[in-house]
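What follows draws every value from the coordinates through simple rules; no lab data is involved. Remember, it's a predicted structure, so these values are computed and weren't measured experimentally. Please note: Cβ atoms are built from the backbone with ideal geometry, for glycine as well, and neighbour counts cover all protein chains shown.
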Amino acid sequence: MAVNLKVSCFILVLILVGCDREQVVPSTAEIEPLDRQFETAIMSVEIMDKWARSCALCHVNGEGGAPRMGDLAVWQERLAQGNATLLDHTLKGYARMPPLGYCMDCEEIEFAAMIMFMSGQNQ
C-alpha cells in the first residue's frame, strides 16, 4: 500500500512538472534541421498506426487543450509559429503534451508527417 502511494505521488509530481514548462523558442541553429523534416514527410499506414496510439489520444477530442485534428483555425495560429517550432514542441514537450507526445518510437520525420496530417497541410 505504501509503495502504491509513493508511486502515485511520484506520477503526480511528474504530471505537475510537465504542466509548468516555460515556453522556449528554438534557436536558429535548431530550426533548419527541423524544417527539413517536413520536406519529405509523408503519412503512411505505419505512421498512421503510430498516430492512432499516441497523438490521437489527445488531438481527436482536444484533450488537455490539444488542438483538434482538422480544426484549421486553431492550427493556423500554431502554424504561424512555423513547422520547426511545432516539431520542437513535440520533441521537447509543450504545455500539457509530454516530450515525444506518447510516441517513444517515433522519428522526427514521422512526427512531421503527423503534424502535417493533423493541421491539414498535406491535403
TODO: Decide, for the range 37-123, between rounded, prolate and oblate: order the square roots of the alpha carbon gyration tensor eigenvalues as a ≥ b ≥ c, take rounded if a/c falls under 1.5, and otherwise choose prolate if a/b is larger than b/c, else oblate.
DONE: rounded
Open item on the list: Given R₀ = 22 Å, what would the calculated FRET efficiency be for ASN122 paired with ARG53, taking r from the Cβ atoms and rounding to 0.05?
Closed with: 0.65
Task: FRET E, pair THR40, LEU72, Förster distance 22 Å, beta-carbon r, rounded to 0.05 - done: 0.40
TODO: May I ask you to sort LYS50, LYS92 by Cβ crowding, counting other Cβ atoms within 10 Å and putting the fewest first?
DONE: LYS92, LYS50
Task: the range 114-122 - phi-based ³J(HN,Hα) in whole Hz, Karplus 6.51/-1.76/1.60, Gly and Pro as x - done: 5, 4, 4, 4, 5, 8, x, 7, 10
- [ ] Please state the charge dipole magnitude for the range 78-118, taken about the Cα centre, from unit charges on C-beta atoms (+1 on K and R, -1 on D and E), reported in debye and rounded to the nearest 20.
- [x] 280
TODO: Using the Karplus curve 6.51 cos²θ - 1.76 cosθ + 1.60 with θ = phi - 60°, work out ³J(HN,Hα) for each residue of the range 72-79 in order, rounded to whole Hz, and write x for Gly and Pro.
DONE: 4, 5, 5, 5, 4, 4, 6, 4
